[in-house]
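Peer 1: Structure incoming, see below.
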Amino acid sequence: MQYDHILIRYGEMALKGKNIRSFIQALQENLQVKLKDFPNAKVKRTQGRMFVLLNGHEPEPIIEICKKVFGIHSLSLALKVENDVEQIKEAALEALKKADARTFKVAAKRVDKNFPHGSLEMNQIVGSHLLVNTEGYTVDVHEPDVEIKVEIREEATYITSENISGAGGLPVGTAGKSLLLLSGGIDSPVAGYLAMKRGVQLEAIHFHSPPYTSERARQKVLDLTKKLVGYGKSIKVHIVPFTKLQQEIFREMPDSYAMTIMRRMMFRIAEAVCEQENILSLTTGENLGQVASQTMESMHAINEVTNYPVIRPLIAMDKAEVVDISKEIDTYEISILPYEDCCTIFVPKSPKTRPRRDKINALEARHDFGPSIEEAIAGIETIHITAKSEDTEFEDLL
Ligand SMILES: Nc1ncnc2c1ncn2[C@@H]1O[C@H](COP(=O)(O)OP(=O)(O)OP(=O)(O)O)[C@@H](O)[C@H]1O
């Protein structure tokens with residue numbers, strides 16, 4: 001008897017009241033799309049459960065994919081049998097033999113009230129069958145090596161042993177769209193990942209300043225996006241040619257305010273992209289107090305130029321926590337590659353840590369940045385990153 005199903009549990013979603021149907025539908029669709037390289041694998045739903053039918057595929061690579069799909073709380077390989085006591089006993093024995101365990105516990109759950117034996121009775125029936133037909137195993141109801149779960153549902157009975165943790169969160173796409181301001185650094189990819197975890201579908205925008213920033217810096221951002229795509233759907237990346245506007249800011253504005261004004265320009269351009277793409281919010285990797293440009297005053301000054309909600313998932317995190325997540329999602333090694341970013345090459349000597357809105361508005365009124373903003377927007381290049389987009393071999397580039 002081979003494991004032929006993966007049982008999917010979707011914890012938090014059960015709490016979502018009226019939205020539950022659309023959330024489940026989104027999870028099913030996201031999962032099916034992720035499994036497109038496994039043509040026989042089918043995602044099916046029954047009342048309260050979702051399954052991947054393996055139909056002959058090896059389970060391991062499919063489990064690895066399921067572990068990255070938001071909205072899944074946990075998953076298990078399952079044996080499916082009819083609601084028949086003999087079949088259930090045999091399948092449970094098979095599951096126990098496949099597990100690496102010495103002690104076990106049976107946890108039966110009767111959902112189908114037409115089934116003649118209750119949950120407690122089934123624990124005893126199956127438990128004694130396992131003890132009689134094996135050697136060296138004992139029952140431990142408190143801390144067993146393995147818990148053999150027997151779920152008796154209306155359509156069939158599912159037997160599982162190992163419980164594998166899922167990525168949690170909510171299915172991508174159920175919380176609308178946001179435009180991620182994606183630099184090549186450590187923080188913004190983590191911010192994007194956390195937004196996706198709350199069900200947000202992302203597009204990304206990157207400000208690029210050739211020739212001061214290289215082709216490699218740009219490719220780095222595309223490679224970071226590809227890592228994020230692993231957790232959701234394909235992502236459109238909008239690359240903004242930022243050189244001219246940036247030079248103009250540093251030429252026309254006092255050095256100490258240039259950084260804040262540059263950030264305001266980024267928000268203005270990002271908002272224009274949101275309007276074009278029908279996106280309702282921005283997401284950034286900003287974090288209170290990490291660097292001079294991220295004080296409360298600075299955020300107040302930058303935020304003035306947009307009415308769009310700005311999602312800042314990292315706002316209260318320590319750097320170490322952000323680094324841990326970036327390692328977990330495999331963006332860290334790409335982020336630390338030493339390619340220059342547009343913000344790091346035009347670093348003012350003494351940026352204002354407490355910029356004031358009135359002062360900035362007066363400064364910006366002195367020069368018409370309009371034409372350069374329009375030119376930057378007109379020059380945007382949009383690249384579609386999918387799971388199949390090519391990675392860069394960094395060894396070759398270094
Ligand atoms: N070149 C860029 N293109 C797009 N967004 C950017 C760019 N530079 C900065 N940002 C956005 O502004 C945020 C703050 O940038 P800053 O350089 O101050 O912080 P950071 O903590 O170093 O962030 P990161 O690690 O993401 O670069 C970034 O997290 C990102 O969302």
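Peer 1: Return an integer: the convex hull volume of the alpha-carbon atoms of region 1-155, in Å³ per residue.
Peer 2: 125
Peer 1: Given 44/327; 319/349; 34/197; 34/236, which pairs have Cα atoms separated by over 22 Å?
Peer 2: Working: 44/327 33 Å; 319/349 24 Å; 34/197 16 Å; 34/236 17 Å.
Long pairs (Cα-Cα over 22 Å): 44/327; 319/349.
Peer 1: Just 379, 71, 17 to compare: in a GNM of the chain, with alpha carbon springs under 10 Å, which one fluctuates most?
Peer 2: 17
Peer 1: OK, next. Hey, could you grab the Kirkwood Rh for region 87-181? Inverse mean 1/r over distinct alpha carbon pairs, Å, one decimal.
Peer 2: For region 87-181, the Kirkwood estimate is 15.1 Å.
Peer 1: Now for a different question. Write down the Å³ per residue value for the convex hull defined by the alpha carbon atoms of region 59-132.
Peer 2: Each residue corresponds to 123 Å³ of Cα convex hull volume.
Peer 1: Over the chain, one equal point on each Cα, no solvent: what is log10 I(q)/I(0) by the Debye formula at q = 0.09, 0.12 Å⁻¹?
Peer 2: -0.65, -0.93
Peer 1: Can you tell me which of 57, 73, 142 moves the most in a GNM of the chain? Springs connect C-alpha atoms under 10 Å apart.
Peer 2: In the Gaussian network model the winner is 142.
Peer 1: For the chain, which whole percent of the accessible surface, found with a 1.4 angstrom probe, sits on carbon and sulfur atoms?
Peer 2: On the way: 9380 of 18820 Å².
Within the chain, the accessible surface is 50 percent carbon and sulfur.
Peer 1: Might you work out the accessible area of residue 207 for me, using a 1.4 Å probe with all protein chains in place, and round it to the nearest 10 Å²?
Peer 2: In the full protein context, residue 207 sits at about 10 Å².
Peer 1: Separate question: Take 277, 151 and sort them by solvent-accessible surface of the protein heavy atoms, 1.4 Å probe, largest at the top.
Peer 2: 277, 151
Peer 1: If you rank 21, 356 by how much accessible surface each has, with a 1.4 Å probe, what is the order from largest down?
Peer 2: In descending accessible area the options line up as 21, 356.
Peer 1: From Cα pairs below 8 angstrom and at least 6 apart in sequence, can you work out the relative contact order of region 19-126, rounded to a whole percent?
Peer 2: On the way: 65 pairs, mean separation 16.6, N = 108.
After rounding, I find 15 percent.
Peer 1: Hey, another quick one. What does the charge count near residue 295 come to, summing +1 for each Lys or Arg and -1 for each Asp or Glu among other residues with Cβ under 13 Å from its Cβ?
Peer 2: Net of charged neighbours comes to +2.
Peer 1: Which whole-number percentage describes the relative contact order of the chain, with Cα contacts under 8 Å and a sequence gap of 6 or more? Before the final figure, lay out each step's value.
Peer 2: Values: 737 pairs, mean separation 65.4, N = 398.
Once divided by the residue count of the chain, the mean separation gives 16 percent.
Peer 1: Tell me whether region 252-310 comes out rounded, prolate or oblate; compute the Cα gyration tensor, take square roots of the eigenvalues as a ≥ b ≥ c, and use a/c under 1.5 as the rounded threshold.
Peer 2: oblate
Peer 1: Using a Gaussian network model of the chain with C-alpha springs under 10 Å, which one of 271, 155, 135 is most mobile by mean-square fluctuation?
Peer 2: Per the Cα network of the chain with a 10 Å cutoff, 135 tops the list.
Peer 1: Then there is this: For every helix of n ≥ 4 consecutive DSSP H residues, a contribution of -39,500 (n - 2.57) applies; sum these over the chain, divide by its total residues, and give [θ] at 222 nm rounded to the nearest 500 deg cm²/dmol.
Peer 2: Here the helix-only value at 222 nm equals -12000 deg cm²/dmol.
Peer 1: Still on this structure: Evaluate the charge dipole of the chain about its Cα centre and quote only its size in Debye, nearest 20, assuming +1 on the Cβ of each Lys and Arg and -1 on the Cβ of each Asp and Glu.
Peer 2: 1180
Peer 1: At a probe radius of 1.4 Å, what is the per-residue accessible area of residue 31, in Å² to the nearest 10?
Peer 2: Number for this one is 0 Å².
Peer 1: Quick one: angle between helix 243-252 and the longest Cα principal axis of the chain, in degrees between 0 and 90, rounded to 10, please.
Peer 2: Its long axis makes an angle of about 50 degrees.
Peer 1: Considering only DSSP beta bridges with both partners in the chain, what is the antiparallel share in %, to the nearest 5?
Peer 2: 55
Peer 1: What pairs from 18/67; 18/226; 18/105 go past 30 Å between their alpha carbons?
Peer 2: The answer is 18/226; 18/105.
The values are calculated or read from the model by the stated rules, or taken from the named source; none is laboratory data. Bear in mind that the values here come from a model prediction, so they are computed numbers and not experimental data. Here Cβ is always computed from backbone atoms with ideal geometry, including for glycine, and neighbour counts include all displayed protein chains. Just so you know, the surface numbers come from the protein's heavy atoms only, side chains and all, with ligands and any DNA or RNA stripped out. Shrake-Rupley method; radii C 1.70, N 1.55, O 1.52, S 1.80 Å.
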